[in-house]
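The values are calculated or read from the model by the stated rules, or taken from the named source; none is laboratory data. Model, not experiment: these values are computed from the prediction. Cβ placement follows ideal geometry from the backbone for every residue including glycine, while neighbour counts extend to all protein chains displayed.
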Amino acid sequence: MESGIPLFKVRGIQIRMHITFPLILVWGAIQFGVLAKRGLAGALFGVVVTGLLFVIVVLHELGHSLVAQSYGVQVRQIVLLPIGGVAQLGQIPEKPSQELAIAIAGPLVNFALAGLLAVVGLAAGLDLSLRGLGGVLGQLGSANFSAIFRYVFVSNLFLGLFNLLPAFPMDGGRVLRALLASRMNYARATALAVTVGQGLAWLMGLWGFLGGGFFLVLVAIFVYTGAGQEGRMVMVRSVLGELKVGQAYSRQARSLTPQSTLRDAVELTLSSFQSDFPVCEGNRLVGLLTHTQLVEALSRGGPEQTVGSSMRTNLRPLSPGDSLVLAQNRLIQERVDALPVEEAGDFVGLITSRDIGEVFQLASRWPGFSERLAGPMPS
C-alpha cells in the first residue's frame, strides 16, 4: 500500500518520504544546536548531516532493491522514516544464494561509499586515521567541511557495520539465515536465526540497562520484536505451504448491488457473520464494501446512501489458484479483512483473514491436514 510523499523514482522504484520524516531534521537541529549549545551553526550542522545520512540510507536501500529486481522480485517502494529507510519488497526469495545477495548488497553499498569518501577525504588532506577520526567528537556541531565530512564518513561506516549484526530485522539476520539455509530447511534456519537475534537483543538490552544507555535498550526492543515478527511470518508460510485460495475461500458469501443501500448492508451484517460485502452486477464483480467504509459512510450521510457511492473499486480480486500466502500478504498490505475471489471473470466467493486463520490453526495442529486439504480444489 502506498504511503508517504513521492520524491523521485529510480529504475521504476518510487522513493517516498513519510509525513513524519521532517521531524528527524528538526531533531538534528535541536540536538546539535540547542542540546550541544552550538547555536545556529550547530543547528545548521544537524540539518545538513541528517540530510546527508538519509541520502546514504536511500543508496543503502537501493542496493537491496536493485539486486532484488535482478532476481525478479518486485520492489513496491522505498519509504524514508525518521528511524531510517525501508525497501518494501514483494517477497524475500527462499533460495539462500539470492537472499544472501539481496541482504549483503546494502552494507556493501556503505563500504563502497566509505572507500569513495576515504579517497576524497585523503585528496582533501583530511586525517581519516583512528586518531584523526577521534577528533570528530570534539568538532560535532561545527558547520565546516571537515567536521561534516568526517561525521558522515564515520556514520556511513557505522550504518554498514550495524546492519551486519546477526539479528532480524537487520541485514545480518538475513545473511545468517541464508548461510544456515544452505545446510538445513528454510523454516529451521529462520528459527535458529531468530534465536540468535533475540539472544543478542537480550545482551544489548542488559548492557544498555546496566550502563544507563536508554537508546541501546530501545534498539534491543526493536531487534527482539523484529526477530519475533520474522519468525512468525516464516512459520505461517511454512504451515500454509502450497495451499491455495480455492481450498479456503467462502463460497456462500452474500453480495450487494451498486443500487443497494447502506441500510441493506447493515441488515446483512446483523443477520450473518459477514462484515465485508462484494458488490456485483449479476456475476460480475464491480467493487467491495468493507466494514470500515460502511461505518464511515453511515457517519457521513446516513443509511439511505447507495452502496455504489461508498464501495471500494480499486481492489484486484484473487483467483482460486493463488496461494494462501499471497492472499494473506495482500490482506495485510491493502489493510482489508477480505478480498473477492474471481474465476473466469465471474465472482465466486470471498477470502477473509478469518478463513486463513482457521486453516492455519488446523494445519499447525494436525500434521496431515495440509496434505489432506491440498488435494483437488472444489469446483
*Which condition breaks for residue 157 when tested against (1) part of a helix (DSSP H, G or I); (2) crowded, with 19+ Cβ neighbours inside 10 Å; (3) touching a helix residue (DSSP H, G or I) at 6+ places or on another chain (Cβ under 7 Å)?*
(2)
*Output the qualifying pairs, or none if there are none: Cβ atoms under 8 angstrom, residues six or more apart or on different chains, first residue in region 227-253 and touching a residue at least 40 places away in the same chain (Cβ under 8 Å) and outside the structural domain of residue 274 (by TED's automatic domain parsing), second residue aromatic (Phe, Trp, Tyr) and part of a loop (DSSP other than H, G, I, E, B).*
227/168; 229/168; 230/168; 231/168
*Would you please list the contacts, defined by Cβ atoms under 8 Å and residues six or more apart or on different chains, that run from a residue in region 41-69 that is in the same structural domain as residue 93 (by TED's automatic domain parsing) to a residue that is of a type in the set (D, E, K, R)?*
45/38; 64/171; 65/11; 66/11; 69/11
_Considering only residues that are assigned to a helix (DSSP H, G or I), among the β-branched types (Val, Ile, Thr), surrounded by fewer than 20 Cβ atoms within 10 Å (Cβ to Cβ) and over 26 Å from the mean Cα position of the chain (by Cα), which ones fall in region 281-321?_
295
_Going through 164, 218, 206, 179 one at a time, which residue ends up being assigned to a loop (DSSP other than H, G, I, E, B) and either outside the structural domain of residue 112 (by TED's automatic domain parsing) or out of contact with any strand residue (DSSP E or B) (no Cβ under 9 Å at 6 or more places or on another chain) (or both)?_
164
*In region 326-341, how many are within 16 Å of the chain's Cα centre (by Cα) and in a helix (DSSP H, G or I)?*
7
*Failed condition for residue 79, given (1) part of a strand (DSSP E or B); (2) surrounded by fewer than 17 Cβ atoms within 10 Å (Cβ to Cβ); (3) among the β-branched types (Val, Ile, Thr)*: (2)
